[in-house]
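Okay, structure first, notes after.
The values are calculated or read from the model by the stated rules, or taken from the named source; none is laboratory data. Just so you know, these numbers come straight off a predicted model, no measurement behind them. Note: ideal-geometry Cβ built from the backbone for every residue, glycine included; neighbour counts use all protein chains shown.
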Amino acid sequence: MPKFWGMVYRRSFLALSAASLATPFLARAQVNDLVAAFDAFPQMRSLQVLKGDDLVFAEARAPASLNRFANIKSVSKSVVSLLLGSAFDRGELTSINATIGELAPRLLPANATPGAENITLQDLVTLRAGLERTSGANYGPWVNSRNWISDALSRPFVAEPGGRMLYSTGSTHILGAVLSEVTGQSLLQLARERLGTPLGIEIPPWTRDPQGYYMGGNEMALRPTAMLKLATLVRDNGRFDGAEVVSGNWMVASTQGYTQSNWSGLAYGYGWFLSRSGYVLGRGYGGQVIAAHPAQRLAIAITSDPTLPARSNGYFGDLVRLLDGPILGLS
């Protein structure tokens, strides 16, 4: 097991690493680049960078800490994807092309948009359900509705299912509800049993809809240290501490590009954004990020102020440049 899990780090860690461990000059300079980047982004609340088994940077800015729960926002969508993979690994699901009507017909409201029953698991996890979005300007009315699933499934089609990407939390919420129906467990139970226990992380309850389904796609909370463990799991092809948590086959399928974001230009797999430089990214509002670069043995966790936007041409763009620059350049 890597030596750092469970430990808390502060700025003093960096000074001690450089002085007492005789870090090579280049590595010290690179760490100094990360210090400068962290200081340059007041919106950033924590940054952790793992290279191989070495934690080369770990810093948190008050009021955050590395062991204080943070709202990971839409990084939750990536967590739902991992849980979808676990259902395939256990034989609870057998086809990514299975439909809502086949798997969870009772979720379909009487006024469901004709054809909604034919939306597949792949359509949902790749955000290509085709239904009018529940995110953006539609998010408030959606979460204030009496039945989130019925509201989402009764919205009109604005694209063909399996066509273009329509970023919509309603899609992953429906997916989470389908998982609950298929497995007989809540999304919280699934997350705790299939990710929390094997990774040794705590997953507290989060927002539920009026029917009691945990929100699939937003509002989950994790400690930054737990986020780094998830990043390591993704980096290591579904394995953690030598054990398989999610199958490598699922991770390979998850990290293929099936569509593309209109805003960032990033490719999108099964709940993960994919950069041209080789990163697999979970991205949440405000600048919450779980990132893995398997080829360079990098795992990164970033938390940020969840009340401020992080647009692709703004702060999130800055984070991508940080990932592609000083972090990817670590030797």
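Would a scan of the stretch 88-98 turn up a residue that is surrounded by fewer than 24 Cβ atoms within 10 Å (Cβ to Cβ), within 18 Å of G271 (Cα to Cα) and of a type in the set (D, E)? Checking the stretch 88-98: at least one residue is surrounded by fewer than 24 Cβ atoms within 10 Å (Cβ to Cβ), within 18 Å of G271 (Cα to Cα) and of a type in the set (D, E).
Of all residues in the stretch 54-83, those that are among the small types (G, A, S) and more than 28 Å from A29 (Cα to Cα) total 5. Filtering the stretch 151-174 to residues that are surrounded by fewer than 24 Cβ atoms within 10 Å (Cβ to Cβ), under 15 Å from N118 (Cβ atoms) and touching a helix residue (DSSP H, G or I) at 6+ places or on another chain (Cβ under 6 Å) leaves L153, P161, G162. The helices (runs of 4 or more DSSP H) falling completely within the stretch 1-106 that include 3 or more residues that are at pLDDT 95 or above and assigned by TED's automatic domain parsing to the domain that holds E117 map to 75-89, 100-103. Within the stretch 58-84, residues that are closer than 22 Å to I327 by Cα reach partners that are among the aromatic types (F, W, Y) and assigned to a helix (DSSP H, G or I) with beta carbons closer than 7 Å, at six or more positions or on different chains, in the pairs A58/F13; E59/F38. Applying the criterion of being outside any loop (DSSP other than H, G, I, E, B) and touching a Leu at 6+ places or on another chain (Cβ under 8 Å) to the residues of the stretch 117-151, the residue that is nearest to F273 (Cα to Cα) is V125.
Filtering L127, L103 for residues that are touching a residue at least 40 places away in the same chain (Cβ under 8 Å) and surrounded by fewer than 23 Cβ atoms within 10 Å (Cβ to Cβ) leaves a single hit, L103. Residues in the stretch 65-86 that are closer than 20 Å to G170 by Cβ, of a type outside the set (S, T, Y) and surrounded by 21 or more Cβ atoms within 10 Å (Cβ to Cβ): 9 in all. When the residues of the stretch 192-223 are filtered to those that are in a helix (DSSP H, G or I) and of a type in the set (K, R), the one that is surrounded by the most Cβ atoms within 10 Å (Cβ to Cβ) is R194.
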